[in-house]
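Peer 1: Dropping a structure here in structure tokens format, bear with me for questions.
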Amino acid sequence: MKVLLIGATGLIGSSILAKLLSAGHAVIAVSRGRANVRRQFPQAQWVSIDLRSVDSAQEWTPHLEGVDAVINCAGVLGGSGSDSTEAAHSRGPATLFAACEQAGVKRVIHFSAVGVDRQTPSEFSKSKAEGDAALKATGLDWIILRPSVVLGRRAYGGSALFRGLAALPILPRFRDAGELQIVQLDDVVATALFFLAPSAPARVELEIVGPQRLTFNEVVAIYRKWLGSRPALLVDVPDRLIDWMYRLGDFFAWLGWRTPIRSIAKQEMVRGAIGDPTPWTDMTGIKPQSLEAALMAEPADVREKWFARIYALKPLIFAVTALFWISTALVSYGPGWDIGLGLLYEGGLSGPIVPLAVIAGATSDLIIGVAIAFRRTSKVALLAALILSFVYLILGTILVPRLWREPLGPMLKIWSVMVLNVVSLAIVDDR
């Protein structure tokens, strides 16, 4: 078969892509980017399309020629306002569905979210429900799959979050979070492949949910058991502090970082993710695995433990790295101005070049610190920070060699900063 796969670099999409290619299907893979994933699957035909910017069905027409089925796995937890979410889940997919009708592509498998047909407390769930309605209004052979929280062995999205939380010995008690029926990624992928067959049922809506209802803290506890850790100490945290954590997540998301902890996620957590798996299992014959059974079937190794600990530390690492460079700039502009001038004078420099050199160094530090804070520019900024650190080492050695003998070791500590930059570069990727 020839399949058009939307959202081919996401958790579900990339897993379906791998299965389709291994089965010998021809795949037109649509994504916004993620060059590293594209390099993993060179046999796919890659197309760069952002659902949020598609205005008409005609934009899809060139990519639907000869296509037998379409699978839409695209989804965003949040973006630049509610319009971004609505465009990704409703307006953009509507143009795709219209294009399928025009091109004669009948079978469309569409991923939604569990419970959006019952309750839509957030822009995420509201826009998902609107996308479902747009598909149901067509004459296509549609299948709407509404998975719960999807977890798997891949450290991605919720799977990464629960691993990271499981590394913490003390956790807040999430009192307001609704129950979750965790579903395994393998079961979700198997479902999509089942409905890809032309003989499979069509015009159906199914909830893809796991066999157990678990609280948020119970899910984390299962991951801690898998990692070989003792149960975490649960503490009651004031609601105001919890709200501050979500607002901090919103700020990180504004900086471009993929963070599952933000205000829209809180709304979805309160709603929970539960449903009835019976129609799904009866129709497909798939027996969903419980979370604990799936994890214990593949014991955690040292890689899993390292990832869990680093995931929890990553925000701190990047915050400290960015603030280090920003603070050195502010110190150089302010209370350290005379000290900076004095060091350059001691090194034999004189004239107007001295204050200009201090300003140039401080400005470089500030630009690097701000750029590290933003996800889009963080990798380039970290490389620039390494280069600038080497420059500072060389100039300091030439101009003021006595700094190597200082008791507080200002020159020696630069190596620690450089190592921190290297670590940041090693973990900058989210996927």
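Peer 1: List the aspartates and glutamates whose Cα sits under 18 Å from the Cα of residue 379, skipping any in the same chain fewer than 8 residues away.
Peer 2: Within reach: 365, 429, 430.
Peer 1: Can you list the HN-Hα couplings for segment 11-26, worked out from phi with the Karplus curve (6.51, -1.76, 1.60; θ = phi - 60°), rounded to whole Hz and with x for Gly and Pro?
Peer 2: So the Karplus estimates, Gly and Pro as x, are 4, 6, x, 5, 6, 5, 4, 4, 5, 4, 5, 5, 8, x, 6, 8 Hz.
Peer 1: Within the chain, which is the longest segment containing none of the GluC sites (Glu not before Pro) that sit in a DSSP loop and have at most 15 other Cβ atoms within 10 Å? It would help to have the intermediate numbers written out before the result.
Peer 2: Values: sites that count: 65, 179.
It works out to 180-431.
Peer 1: Straight-line reach from residue 413: which aspartates and glutamates have Cα under 13 Å away, leaving out those fewer than 8 places along the same chain?
Peer 2: Output for residue 413: empty list, no partners.
Peer 1: Let me ask you something else. Of the labelled options [x] 74, 47, 45; [y] 69, 41, 41; [z] 83, 52, 38, which one gives Cα extents along the principal axes in Å as computed for this structure?
Peer 2: [z]
Peer 1: Right, next: Return the carbon/sulfur percentage of the accessible area of segment 315-427, one whole number, probe 1.4 Å, all protein chains in place. Walk me through the numbers on the way to the answer.
Peer 2: Values: 5060 of 6380 Å².
Heavy-atom surface of segment 315-427 belonging to carbon and sulfur, 1.4 Å probe: 79 percent.
Peer 1: In this model, which of 266/314; 126/314; 136/287; 128/225; 106/128 are farther than 24 Å apart at the alpha-carbon? Mind dumping the intermediate values first?
Peer 2: On the way: 266/314 21 Å; 126/314 32 Å; 136/287 27 Å; 128/225 34 Å; 106/128 21 Å.
Correct reply: 126/314; 136/287; 128/225.
Peer 1: What FRET efficiency comes out for the pair residue 398/residue 215, r = Cβ-Cβ distance, R0 = 60 Å, nearest 0.05? If you can, show how the numbers build up before the last one.
Peer 2: Values: r = 61 Å, r/R0 = 1.02.
It comes to 0.45.
Peer 1: Turning to a different aspect of this structure: Taking a spot 7 Å from the Cα of residue 258 along the direction of its beta carbon, which residues of segment 137-166 have an amide N less than 11 Å from it?
Peer 2: 155-161
Peer 1: Apply the a/c threshold of 1.5 to the C-alpha gyration tensor of segment 105-151 and tell me whether it is rounded, prolate or oblate. Let's see the in-between values first.
Peer 2: Working: a/c = 2.88, a/b = 1.53, b/c = 1.88.
Oblate, because a/c is 1.5 or more while a/b does not exceed b/c.
Peer 1: Express in nm, to one decimal, how much length is gained between residue 43 and residue 233 on full extension, taking 0.36 nm for each residue of separation and deducting their alpha carbon distance.
Peer 2: Working: separation 190, 0.36 × 190 = 68.40 nm, distance 4.79 nm.
Extending this stretch completely gives an extra 63.6 nm.
Peer 1: Also, I was wondering about something else. Near the amide H of residue 273, under 5 Å away, which other amide H atoms are found, from residues 5 or more places off or on another chain, if H is placed in the peptide plane?
Peer 2: 179, 180, 181
Peer 1: Explain nothing, just compute: Karplus ³J(HN,Hα) = 6.51 cos²θ - 1.76 cosθ + 1.60, θ = phi - 60°, for every residue of segment 181-192 in order, whole Hz, x for Gly and Pro.
Peer 2: Using θ = phi - 60°, the values come out as 10, 4, 10, 7, 4, 4, 5, 5, 5, 4, 5, 4 Hz.
Peer 1: If r is the Cβ-Cβ distance from residue 290 to residue 19 and R0 is 25 Å, what FRET efficiency results, to the nearest 0.05?
Peer 2: 0.65
Peer 1: Choose one of 152, 99, 69: the residue whose Cα lies farthest towards the positive end of the charge dipole of the chain (beta-carbon charges +1 Lys, Arg; -1 Asp, Glu; about the Cα centre).
Peer 2: 152
Peer 1: Could you calculate the contour length gain from residue 305 to residue 425, that is, 0.36 nm times the residue separation minus the distance between their Cα atoms, to one decimal place in nm?
Peer 2: On the way: separation 120, 0.36 × 120 = 43.20 nm, distance 1.98 nm.
Stretched out fully, the residue 305 to residue 425 stretch lengthens by 41.2 nm.
Peer 1: Name the shape class, rounded, prolate or oblate, that the alpha-carbon gyration tensor gives for segment 276-363, where a ≥ b ≥ c are the square roots of its eigenvalues, rounded holds for a/c under 1.5, and otherwise prolate holds if a/b is larger than b/c and oblate otherwise. List each step's numbers first, then the result.
Peer 2: Details: a/c = 6.55, a/b = 4.09, b/c = 1.60.
The shape class here is prolate.
Peer 1: Dipole magnitude of segment 2-300 about its Cα centre, charges +1 at Lys/Arg Cβ and -1 at Asp/Glu Cβ only, in debye to the nearest 20?
Peer 2: Numbers: 32 positive and 29 negative charges, 170 e Å.
That gives segment 2-300 a dipole magnitude of about 820 debye.
Peer 1: Run the helix sum for the chain: -39,500 (n - 2.57) per DSSP H stretch of 4+ residues, divided by residue count, reported at 222 nm to the nearest 500 deg cm²/dmol. Kindly include the intermediate steps, with their values, before the conclusion.
Peer 2: Numbers: 17 runs with 223 residues, N = 431.
When only DSSP H runs of four or more count, the value is -16500 deg cm²/dmol.
The values are calculated or read from the model by the stated rules, or taken from the named source; none is laboratory data. This one's a predicted model, so the numbers in the text were calculated from it and none came from an experiment. Positions of Cβ are backbone-derived with ideal geometry, glycine not excepted, and every protein chain shown enters the neighbour counts. All accessible areas refer to the heavy atoms of the entire protein, side chains included, with ligands and DNA or RNA removed. Shrake-Rupley method; radii C 1.70, N 1.55, O 1.52, S 1.80 Å.
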